[in-house]
Amino acid sequence: MTAPIVHPLTFLPPQLLAVLKEGTDKRLQNVIGVLITSRYASSSSYLADFRSTTRDKDVKEDSTVLSDFRNLVPLTDYEAYRPWMAKFFERPCELSEVENLLAPGLPNFLAITSSTSGSEPKYFTRYIAFMGLIRPARDKMRGSSEMATTASILWWGYRDLVEVTTPSGDVVKTIPVTGVTSGFARSMQGWPIETDNTRMTSMGECPFDPNSIMDGHRYIPLFA
């Protein structure tokens with residue numbers, strides 16, 4: 001039997017386009033509503049026009065904030081964030097300098113790039129909780145025992161640690177500097193670096209989407 005020829009969509013039907021736009025606008029407004037209270041949003045020169053225009057608006061509810069954002073917030077590169085990221089690498093790294101810096105609270109981890117676009121790596125904060133990405137694991141994976149299981153070995157180590165301290169020297173949080181995959185995996189599983197030694201020989205399971213043809217995905221984390 002000849003396999004059917006599948007042609008990719010070149011445009012979205014009006015109904016799907018409307019659904020996509022509605023979802024995109026909702027997510028963008030949610031993100032703006034959360035990040036508007038950060039120190040970066042409150043003082044960055046790149047956001048001066050946006051702050052001035054939306055000063056008297058409810059950024060969480062007023063839909064005109066979306067057009068303000070798209071019209072007034074310029075595209076930026078890493079240089080717009082470099083001075084802010086540098087605060088995490090000052091010693092000591094003081095809580096008063098990094099709390100609520102780029103998003104509410106402290107980041108789950110600092111992501112590091114592979115340096116493919118330059119001689120030095122770039123660093124980015126990753127705040128997981130406000131993005132709504134932390135969800136309880138499913139109690140049972142879908143699928144029969146006859147379906148395939150994929151096994152992977154993942155590196156969950158880190159390159160450095162940043163200790164955020166109070167003026168008295170107390171450490172309030174230890175933030176790993178690591179790759180995006182490792183950082184997200186740790187955050188989703190709720191695995192702090194302080195308990196790595198208890199999981200040196202552990203194996204975990206990641207459930208797939210209910211519509212997946214696979215039963216599940218087992219991983220062996222490496223911390224070294």
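The order of Tyr78, Tyr46 by accessible area, most exposed first and with a 1.4 Å probe, is Tyr46, Tyr78.
With the whole protein complex present, Arg82 retains an accessible surface near 100 Å², based on a 1.4 Å probe. Per residue, the stretch 1-42 exposes 85 Å² of solvent-accessible protein surface, assessed with a 1.4 angstrom probe and all protein chains in place. Within the shell of other residues whose beta carbon sits under 14 angstrom from the beta carbon of Arg126, the net charge comes to +3, with Lys and Arg scored +1 and Asp and Glu -1.
Which value, in Å to one decimal place, does the Kirkwood hydrodynamic radius take for the stretch 1-110 when every pair of different Cα atoms is included? About 16.9 Å, per the Kirkwood formula over Cα pairs.
Taking all protein chains together and a 1.4 Å probe, the residues Met1, Met85 rank Met1, Met85 from largest to smallest accessible area.
The values are calculated or read from the model by the stated rules, or taken from the named source; none is laboratory data. The model shown is predicted, which means the values in this text are computed figures rather than measured ones. As a convention, Cβ positions derive from the backbone with ideal geometry for all residues, glycine included, and neighbour counts pool all protein chains shown. Side chains are part of the model used for accessible areas, which takes the heavy atoms of the whole protein and leaves out ligands, DNA and RNA. Shrake-Rupley method; radii C 1.70, N 1.55, O 1.52, S 1.80 Å.
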